[in-house]
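**Student:** Submitted below is the structure of interest, expressed as structure tokens.
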Amino acid sequence: MATKGHPINSGSKTSLQMMPSGSTSNNRARYVNPVTKIRSLIHNLDSELGLLCGQCSVRKPPQIGSNINVSIHNRRQGELGSGANAQQRISSHYYQESINKLLARTSSTSTSGSGTTTRMPLAPDAQKRQMWNVYRKRVTDAYRNRKIFTVHGNYHTVRRALLRRGWVEKLPASRYTNLQSMSEDSLLENARKGNDYESVIISKMINNFPSFFIWQGKGQRDLFSEVGLVGCAEQESWYREDGVCGMSYPRFYRLGGNSVEERMAFIDDYQHTQARSLLHYIMEHKPAELIDTDNGTIMSSHLDLALTKVKQMVRQAQHCSLDDARAKPPTPTEVVETHTFMVQSAEVLKSMAKFRVNETVMKEYIRLATQYIGQIEALRPDYRWDGSRNLWILKPGYQSQGIGIVIRNSLDEILQWTSSNQSRKYIVQKYIERPYLVHRTKFDIRQYMLLTIGESKVTVWTYRNCYLRFSSQEFTMDDLRESIHLTNNSVQKRYKNRLSRDPRLPSHNMWSLDQFKNHLQEVGAPENTWAKIYSGFKQNMVAVVMASLDETELVKNAFELYGCDFMLDEHYNPILIEVNATPDLSPSTEVTAKICPAAIKDCIRVVVDLAKNPLAPTGQFERAFEINYSSNKAPDVQHPLEINGKQMTIFEDLPKLKNPNRTRMLHAILSNVKVSGGRKLDKANKAPARVIKATAFAKKKQVPEQQHAGPKTILSSTTRENLALQYTAPKGFPLPERRMGGCCTFSKTLCPHFRNSKIYRNWSRNHCH
Ligand SMILES: Nc1ncnc2c1ncn2[C@@H]1O[C@H](COP(=O)(O)OP(=O)(O)OP(=O)(O)O)[C@@H](O)[C@H]1O
């Protein structure tokens, strides 16, 4: 929203306003940053100004705060001045002279309405001259105090907030275009306190000065809008920390491109979800409703298969058996079995086909289903959002405002839909079938997040206030139209509210946070429910920022305001749906009429007031997290990155494996471990804590081998890979027999190759929630 973009926007397609440097193989979005353009414009202006100041030996303008976030020109100060002492030596006379020159340049180059060049009013009347002098003083003061701002778009609250703080506005060319083409004479004639002519004449006078605060909305649509959040989701598990940082989002697949692997992974997930859906289905019904002992068409073997699949999922999630986790190609019999299962289970889920079993047997199936579903949902919290429909939401790239979004449950339809247009990428995301509803109506929560980028820190600010956006129709799974299932305002404003909807819901479809808190009280939610929800919001927002930092070009003293959309599951857990740069801040209803201007004012408090006064109030924004981003920069050879810790006990208790090939492989790994200096592994285990330098990192930085401190274990590349998979993969990561290329080491956090590998990505998409 402001001076810079950040690639955490997913969705809306709004605007990741920048092009992160460095390309990666993982298909992350490329963003174009209009701020860079503006920066370069200002930079040109800066150089001119610097030149002028240099000619006149003018000192730099005084600094207002140590770190005014809004000003990308703070960077310029070094160029203009040469330190405090030098500044003191330079007389203010010269400084004033340079400003006068700038002002003179403005007036000498300004054109009249007729296109002819006019001079500064040469005092045809005293009043005009007096006004000119007043404005000139205001302008010079504004420059000295670095209080010149530009606001793009109709963000009048921002304007007013800054004008109230004594800032002076430099208008963008698109504002008051008619007036901007008038001569200064005519403008002065019409200028009155606070009117548009006055704004324009002042703006013309500062035309050659840089703005120290720029507020702009989205500049350029990102190339593949969903990749932002998707990309973050792929990275976030590396930054996950209980209670601090962690994303909670529906699992997704990128379809529509040429990735066969991604398609296969989706099909696999779809089939497993179908098994759970079938079990959910029988759990949702009474045994008698499910059976027809004489004419039932569905055999109990399909329930057996569903139970087996869920059991496998539990074992995989528990990481019980390496063999279970192994990606085995299915046998032809299994393929046929699965195909039949998919057809028959669809008959049950869509047409309520009956099982040919008796009631006692069905009761036992329901008991087992409840047990297994309980187990898997305890291990995979995101599965709790699934139901008995196997629904998926298809979101096209390059689109926003809900355009092109559909909800489907048939595998064929989904694959057809996404492959019909190969050039368009689709995110196929698991549809949340069990959301928390208010009065049987779906809603989402718009939550603001502000990001400020300081000298060395990125600060995540979260807004304590938020609002709810309701669907215009009651929620039902029997009708998949957008008016019921897409709660974003851009979709819902197209529909009339269903008359049968609960009258307690407002006609404008929004609730303030206070109204929601009252509702929570009314329905008897535990007392700290909102506190928990908000804490979950914060963790998600911090995680998104952390996960996108690597790909972000950080512009110092810039900030960005985001609108994050959350849904809640049945247990009030937040689910992140979307992060929008340039959120809608228009006062469209009585709810947004309060919260939007307040959020903008508080934003100015954070980026302007706080820079001057660290104790300044920040309104409803609270500092949720601070990240020291200097550590993200190019590796520092002087201070190489180190990992402190104890050597792991490798294979002290060798797992008993069923598969002899695999056992052989693990033994081979073991025997491949050599210990330098003749030490035995068990001795090394008893050795005190030591420092291991990450191979990948050391290699990157050309750190010579002998710099490695302490005793070291030399591993072959094969061993390293296998050990990396064995020991550095997060809990639950399947251990494929395929080997990954490269340089994975003991440190998962230090190995981008591992982290970007397809194997890991596929796994993390399915397991990291
Ligand atoms: N996985 C999901 N499960 C259930 N509902 C979802 C899911 N994803 C999105 N929705 C619903 O669809 C709506 C639109 O989704 P999303 O915000 O991703 O689309 P969009 O095109 O980016 O919209 P906008 O640009 O207005 O933000 C959401 O507000 C939410 O109600």
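Read the figures in this text as sums done on the coordinates, not as results from a lab. All figures in this text were calculated on a predicted structure; none of them were measured in a lab. Glycine also receives a Cβ, built like all others from the backbone with ideal geometry; neighbour counts cover every protein chain displayed.
**Student:** Sort 234-242, 387-395 by packing, meaning the average of other beta carbons within 10 Å per residue, with the highest value first.
**Tutor:** Values: 234-242: 18.2, 387-395: 21.8.
Top of the packing list down: 387-395, 234-242.
**Student:** Explain nothing, just compute: Karplus ³J(HN,Hα) = 6.51 cos²θ - 1.76 cosθ + 1.60, θ = phi - 60°, for every residue of region 587-597 in order, whole Hz, x for Gly and Pro.
**Tutor:** Values, residue by residue: x, 6, 9, 5, 6, 6, 5, 8, 6, 5, x Hz.
**Student:** What is the extension gain from S535 to N518, computed as 0.36 nm multiplied by their sequence separation minus the C-alpha to C-alpha distance, in nm to one decimal?
**Tutor:** Values: separation 17, 0.36 × 17 = 6.12 nm, distance 1.87 nm.
Fully extending the segment from S535 to N518 adds 4.3 nm.
**Student:** Now a separate question. Give a residue-ordered list of calculated ³J(HN,Hα) values for region 411-417 (Karplus: 6.51 cos²θ - 1.76 cosθ + 1.60, θ = phi - 60°; whole Hz; x for Gly, Pro).
**Tutor:** So the J values, rounded to whole Hz, are 4, 4, 4, 5, 5, 5, 4.
**Student:** Cut-off is 10 Å between beta-carbons; in what order do V336, V244, V607 appear when sorted fewest neighbours first?
**Tutor:** On the way: V336 11, V244 15, V607 26.
Ordered from fewest to most neighbouring Cβ atoms within 10 Å, V336, V244, V607 come out as V336, V244, V607.
**Student:** Give the long-range amide H neighbours of D569: residues separated by 5 or more places, or on another chain, with amide H under 5 Å away, using H modelled in the peptide plane at 1.01 Å from N.
**Tutor:** Counting only residues 5 or more places away or on other chains, the set is Y436, I575.
**Student:** I'd like the Karplus ³J(HN,Hα) series for region 342-347: coefficients 6.51, -1.76, 1.60, θ = phi - 60°, whole numbers in Hz, and an x wherever there's a Gly or Pro.
**Tutor:** 4, 5, 5, 5, 5, 4
**Student:** Amide H to amide H, which residues 5 or more places from I206 or on other chains are under 5 Å from it, using H placed in the peptide plane?
**Tutor:** none
**Student:** Once both labels are modelled 7 Å past Cα along the beta-carbon direction, what's the V343-K137 spacing in nm?
**Tutor:** 9.0
**Student:** So which of K532/K594; K556/K612; K137/K204; K395/K425; K128/K193 end up more than 18 Å apart, counting from Cα to Cα?
**Tutor:** Values: K532/K594 24 Å; K556/K612 16 Å; K137/K204 14 Å; K395/K425 9 Å; K128/K193 13 Å.
Cα-Cα > 18 Å for K532/K594; rest within.
**Student:** At what distance in nm do the modelled label points of Y572 and H285 sit from each other, each positioned 7 Å from its Cα along Cα→Cβ?
**Tutor:** Between Y572 and H285, the label points sit 3.5 nm apart.
**Student:** What distance in nm separates the simple spin-label points at M264 and Q371, each placed 7 Å from Cα in the Cβ direction?
**Tutor:** The answer from the label model is 3.4 nm.
**Student:** Too long at a 29 Å Cα-Cα cut-off: which of K311/K430; K354/K430; K496/K538; K457/K538?
**Tutor:** Working: K311/K430 21 Å; K354/K430 27 Å; K496/K538 34 Å; K457/K538 18 Å.
As for pairs spanning more than 29 Å Cα to Cα, those are K496/K538.
**Student:** Okay, next question. Working out 0.36 nm times the residue gap between K496 and N178, then minus their Cα-Cα distance, what length gain in nm do you get to one decimal?
**Tutor:** Values: separation 318, 0.36 × 318 = 114.48 nm, distance 3.98 nm.
Gain on extension, K496 to N178, equals 110.5 nm.
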